[in-house]
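The values are calculated or read from the model by the stated rules, or taken from the named source; none is laboratory data. No experiment lies behind these values; they were computed from the predicted model shown. Note that we place each Cβ from the backbone using ideal geometry, even for glycine, and neighbour counts take in every protein chain shown. Heads up: the accessible areas ignore ligands, DNA and RNA and are worked out on the full protein's heavy atoms, side chains in. Shrake-Rupley method; radii C 1.70, N 1.55, O 1.52, S 1.80 Å.
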Amino acid sequence: FLLLLMLLPVSRWVRRALPSVHNGAVPGQSQAVGAETAQERGEKEEAPFALLPAVNGLALSFVICAVSAAIAGWLGHPAWFVLPVTALTLLVANTAGGVTRHVASEFEIGRLFMYLFFAVIGASADISAVIGTALPLVVFVMIVVLIHLALLLLVGWWFKLDLAEVMVASNACILGPPAAAALAASREWHALVAPGMLVGMLGYVVGTFLGIGVGTLIGY
């Protein structure tokens with residue numbers, strides 16, 4: 001799906017139907033209105049990795065996980081652990097400025113654990129099961145993704161949306177925040193990196209609660 005998404009700007013029909021102010025950007029430049037210039041980006045020095053604030057972030061994460069596990073156990077549904085984690089994380093991030101200002105280098109730590117997560121999931125994948133018993137599920141996912149892409153292009157053309165923004169939003173929807181940010185960064189769409197991450201996180205928040213709610217209703 002990611003490869004197919006990356007090929008969209010190659011199609012003349014797609015470029016005519018969904019023109020983009022971001023396409024055609026060369027390395028070091030961004031065509032987005034209001035985006036920072038290459039010189040401005042160069043003036044911003046990357047903050048060095050800070051061990052103590054990074055440890056603070058890990059400690060805060062452990063506390064949130066411990067409290068969430070306790071809440072899920074108190075509710076009698078330990079499997080719903082992810083729900084209080086999501087709610088508490090959002091609550092702390094938006095209201096506990098006095099605590100979060102002592103946290104830094106969280107992006108690097110989060111990226112490390114995200115890569116570890118991908119590696120563990122990939123290493124535990126059973127190809128024979130995918131080809132065998134899980135094949136109908138794979139076909140179903142392919143159909144869903146293709147319908148998503150078709151609707152994306154149709155709605156984007158109808159509302160005259162920007163192709164680059166549509167691509168990043170679709171990536172956030174299907175593959176999540178890290179992939180959306182990676183796509184925007186790789187195409188030099190610097191103004192879309194943060195929005196891609198935010199849209200993906202919004203999907204995590206909404207999808208987590210809706211997914212568990214629907215699963216509970218159907219008795220999964």
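Are any residues in the stretch 178-201 hydrophobic (A, V, I, L, M, F, W, C) and under 13 Å from residue 166 (Cβ atoms), and if so, which ones?
180, 183, 184, 189, 192, 199
So if I check each of 120, 168, which one is open to solvent by 90 Å² or more (accessible area, probe 1.4 Å), part of a helix (DSSP H, G or I), of a type outside the set (D, E, K, R) and within 29 Å of residue 83 (Cβ to Cβ)?
Within the list 120, 168, the selection yields 120.
Working only within the stretch 203-220, note down all residues that are surrounded by 11 or more Cβ atoms within 10 Å (Cβ to Cβ) and within 21 Å of the chain's Cα centre (by Cα).
203, 204, 205, 206, 207, 208, 209, 211, 212
The conditions are (1) under 20 Å from residue 89 (Cα atoms); (2) part of a loop (DSSP other than H, G, I, E, B), and residue 188 fails exactly one of them. Which is it?
Exception for residue 188: condition (1).
Please state which one of 161, 198 is of a type outside the set (S, T, N, Q) and within 20 Å of residue 111 (Cα to Cα).
It is 198.
Does residue 129 count as under 22 Å from residue 7 (Cβ atoms) and in a helix (DSSP H, G or I)?
In short, no.
Need the failing condition index for residue 156 against (1) surrounded by fewer than 20 Cβ atoms within 10 Å (Cβ to Cβ); (2) in a helix (DSSP H, G or I); (3) not acidic (Asp, Glu), just the number.
(1)
Examine the stretch 91-105 for a residue that is surrounded by fewer than 11 Cβ atoms within 10 Å (Cβ to Cβ), within 22 Å of residue 206 (Cα to Cα) and without any contact (Cβ under 8 Å) to a residue 24 or more places away in the chain, and state whether such a residue exists.
yes
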